[in-house]
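Novice: What follows is a single structure, and I will ask about it in a moment.
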Ligand code: PGA
């Protein structure tokens with residue numbers, strides 16, 4: 001009943017050549033994929049390859065004003081972003097984004113008509129302390145305090161699995177996805193069934209199938225493997241078989 005979704009997070013990588021490679025293969029990715037290139041390429045991507053589904057990797061919590069270097073969700077919508085990643089662990093760790101800011105960004109995206117992809121996940125220390133469930137719930141409570149659940153994607157990305165080659169086992173990932181779905185059900189039982197929950201953290205063609213087989217995993221948020229169109233395509237094929 002839920003549409004699968006696989007999102008490419010290029011981070012600070014990629015260019016229009018890579019976008020072209022995706023555009024040429026899009027027919028085998030279409031309807032289940034989106035790409036998040038660096039924001040400077042969004043406008044050209046939309047113009048040159050209008051059939052691509054696009055997202056941004058971040059947005060400002062502000063709409064306009066004296067915020068040097070920032071991009072508003074409205075601006076990103078104007079240049080073609082349908083999705084925006086919010087609260088990625090790299091933004092939380094390297095750019096000191098806290099849950100309050102994440103919540104404001106979710107609201108800014110929704111107000112601009114851009115679907116937020118809220119990223120949540122525990123660090124290795126938190127998992128070793130057995131605190132993963134409470135960390136995830138706290139991130140959901142704070143990040144979605146004011147959110148419209150009808151227009152939302154959530155990505156579970158254990159911090160210890162991002163870019164490390166370590167992947168959560170399918171059982172570990174499903175356990176957290178079920179926790180997230182359960183939390184959503186307490187807020188709105190019918191919407192909870194339709195919200196796409198993505199897994200991210202060292203997803204590759206070799207492990208995508210067993211992750212996407214899990215009941216509450218509806219697709220992936222792909223970093224490293226999304227810089228290679230063939231690997232990304234193989235990951236998309238794995239979700240198609242779900
Ligand atoms: P990775 O990154 O696939 O390279 O682990 C995932 C992400 O950070 O979204």
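The values are calculated or read from the model by the stated rules, or taken from the named source; none is laboratory data. Remember, predicted model here, so these are calculated numbers, not experimental data. Here Cβ is always computed from backbone atoms with ideal geometry, including for glycine, and neighbour counts include all displayed protein chains.
Novice: Across the range 59-70, which residue is farthest from residue 135 (Cα to Cα) among those that are touching a residue at least 24 places away in the same chain (Cβ under 8 Å) and surrounded by fewer than 19 Cβ atoms within 10 Å (Cβ to Cβ)?
Specialist: To start, the set of residues in the range 59-70 that are touching a residue at least 24 places away in the same chain (Cβ under 8 Å) comprises 59-63.
Retained after the next criterion (residues that are surrounded by fewer than 19 Cβ atoms within 10 Å (Cβ to Cβ)): 62-63.
Numbers: 62: 26, 63: 29 Å.
Checking each candidate, the answer is 63.
Novice: Right, something else. Considering (1) crowded, with 21+ Cβ neighbours inside 10 Å; (2) farther than 16 Å from residue 199 by Cβ; (3) in contact (Cβ under 8 Å) with a residue 40 or more places away in the chain, say which one residue 116 fails and leave the rest.
Specialist: Going through the list (1) crowded, with 21+ Cβ neighbours inside 10 Å; (2) farther than 16 Å from residue 199 by Cβ; (3) in contact (Cβ under 8 Å) with a residue 40 or more places away in the chain, residue 116 breaks only (3).
Novice: Would you point out which residue out of 47, 104, 92 is in a helix (DSSP H, G or I) and within 16 Å of the ligand (Cβ to nearest atom)? Show your work before the answer.
Specialist: Numbers: 47 fails: within 16 Å of the ligand (Cβ to nearest atom); 104 fails: within 16 Å of the ligand (Cβ to nearest atom).
Among 47, 104, 92, only 92 is in a helix (DSSP H, G or I) and within 16 Å of the ligand (Cβ to nearest atom).
Novice: Sticking with this one: Scan the range 200-242 residue by residue and report those that are assigned to a loop (DSSP other than H, G, I, E, B), touching a strand residue (DSSP E or B) at 6+ places or on another chain (Cβ under 6 Å) and within 11 Å of the ligand (Cβ to nearest atom). Walk me through how you get there before you give the answer.
Specialist: First pass over the range 200-242, keeping only residues assigned to a loop (DSSP other than H, G, I, E, B): 201-204, 213-218, 223, 228, 241-242.
This time we only want the ones that are touching a strand residue (DSSP E or B) at 6+ places or on another chain (Cβ under 6 Å), so: 203, 216-218, 223.
203, 223, listed by residue number.
Novice: Quick check: anything in the range 122-131 on the phi < 0 side of the Ramachandran plot, surrounded by 22 or more Cβ atoms within 10 Å (Cβ to Cβ) and either within 11 Å of the ligand (Cβ to nearest atom) or not in a loop (DSSP other than H, G, I, E, B) (or both)?
Specialist: Looking for residues that are on the phi < 0 side of the Ramachandran plot, surrounded by 22 or more Cβ atoms within 10 Å (Cβ to Cβ) and either within 11 Å of the ligand (Cβ to nearest atom) or not in a loop (DSSP other than H, G, I, E, B) (or both), one finds none in the range 122-131, hence no.
Novice: Something else: Suppose we keep only residues that are in contact (Cβ under 8 Å) with a residue 40 or more places away in the chain and within 19 Å of residue 223 (Cα to Cα) within the range 90-113. Which one would you say is surrounded by the most Cβ atoms within 10 Å (Cβ to Cβ)?
Specialist: Top of the filtered list is 90.
Novice: With on the phi > 0 side of the Ramachandran plot, modelled with pLDDT of 95 or more, more than 13 Å from the ligand (Cβ to nearest atom) and in contact with a helix residue (DSSP H, G or I) (Cβ under 7 Å, 6 or more places away or on another chain) as the only criterion, which of 65, 80, 87 stands out?
Specialist: On the way: 65 fails: in contact with a helix residue (DSSP H, G or I) (Cβ under 7 Å, 6 or more places away or on another chain); 87 fails: more than 13 Å from the ligand (Cβ to nearest atom).
Going through 65, 80, 87 in turn, just one is on the phi > 0 side of the Ramachandran plot, modelled with pLDDT of 95 or more, more than 13 Å from the ligand (Cβ to nearest atom) and in contact with a helix residue (DSSP H, G or I) (Cβ under 7 Å, 6 or more places away or on another chain): 80.
Novice: Further question: Taking the condition of being modelled with pLDDT of 95 or more and out of contact with any strand residue (DSSP E or B) (no Cβ under 6 Å at 6 or more places or on another chain), how many residues in the range 142-151 meet it? If you could, list the steps in order and put the result at the bottom.
Specialist: Here is the first cut: in the range 142-151, the residues modelled with pLDDT of 95 or more are 142-144, 147-151.
Those still in the list that are out of contact with any strand residue (DSSP E or B) (no Cβ under 6 Å at 6 or more places or on another chain) too: 142, 144, 147-150.
Number of matching residues: 6.
Novice: Also: Right, residue 173: touching a strand residue (DSSP E or B) at 6+ places or on another chain (Cβ under 9 Å) and assigned to a helix (DSSP H, G or I) or not? If you could, list the steps in order and put the result at the bottom.
Specialist: Working: touching a strand residue (DSSP E or B) at 6+ places or on another chain (Cβ under 9 Å): yes; assigned to a helix (DSSP H, G or I): yes.
Against the criterion (touching a strand residue (DSSP E or B) at 6+ places or on another chain (Cβ under 9 Å) and assigned to a helix (DSSP H, G or I)), residue 173 qualifies.
Novice: Filter the range 73-89 down to the residues that are buried (at least 20 other Cβ atoms within 10 Å of the Cβ) and either closer than 13 Å to residue 116 by Cα or out of contact with any strand residue (DSSP E or B) (no Cβ under 9 Å at 6 or more places or on another chain) (or both) and list them by number.
Specialist: Result: 73, 76, 81, 83, 84, 85, 86, 87, 88.
Novice: Would you point out which residue out of 195, 222, 162, 217 is within 15 Å of the chain's Cα centre (by Cα), surrounded by 15 or more Cβ atoms within 10 Å (Cβ to Cβ) and under 18 Å from residue 147 (Cα atoms)? Give the steps one after another, and end with the answer.
Specialist: Values: 222 fails: under 18 Å from residue 147 (Cα atoms); 162 fails: under 18 Å from residue 147 (Cα atoms); 217 fails: under 18 Å from residue 147 (Cα atoms).
The conditions single out 195.
Novice: On to the next question. Scan the range 23-33 and give yes if some residue there is within 17 Å of residue 224 (Cα to Cα) and either part of a loop (DSSP other than H, G, I, E, B) or within 16 Å of the ligand (Cβ to nearest atom) (or both), otherwise no. So that I can check it myself, show each step before the final result.
Specialist: We begin by selecting, within the range 23-33, every residue within 17 Å of residue 224 (Cα to Cα); these are 33.
In the following step, the residues that additionally are either part of a loop (DSSP other than H, G, I, E, B) or within 16 Å of the ligand (Cβ to nearest atom) (or both) were identified as 33.
Taking every residue of the range 23-33 in turn, at least one turns out to be within 17 Å of residue 224 (Cα to Cα) and either part of a loop (DSSP other than H, G, I, E, B) or within 16 Å of the ligand (Cβ to nearest atom) (or both).
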